[in-house]
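FYI, it's all coordinate maths here, none of it is from the lab. Since the structure is predicted, the reported quantities are computational estimates derived from the model, not experimental observations. No Cβ is skipped: glycine too gets one built from the backbone with ideal geometry, and neighbour counts run over all protein chains shown.
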């Protein structure tokens, strides 16, 4: 039963990713360096992101063969940080300096 649930969840996520990619409008392209060290040029869009009642517009890379990717800018704009130990997002203060 667990394998069936995982398969169904994966199928639904693939549908969401596909729908999201279809709605993204490329604004420009940007040179990137992948985690594997390759240099590529990827399309960039802007998306609206909402977390816990906070909402911002942020850049979004459109990976050629994968999901749309958000970076640190999205978290910083929402005044959130990743807590790697608790595996959750935590609020942070803004910094001006």
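Using a Förster distance of 41 Å, how high is the FRET efficiency between residue 92 and residue 31, based on the Cβ-Cβ distance and rounded to 0.05? Show your work: numbers first, answer last.
Numbers: r = 29 Å, r/R0 = 0.71.
That gives a FRET efficiency of 0.90.
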Please order 95, 79 by the number of other Cβ within 10 Å, starting at the fewest. 95, 79
Distance in nm between pseudo-label sites at residue 68 and residue 82 (7 Å out along the Cβ direction from Cα): 1.9 nm
Starting from 0.36 nm per residue, how many nanometres of slack lie between residue 55 and residue 40 once their C-alpha separation is accounted for? 2.4 nm
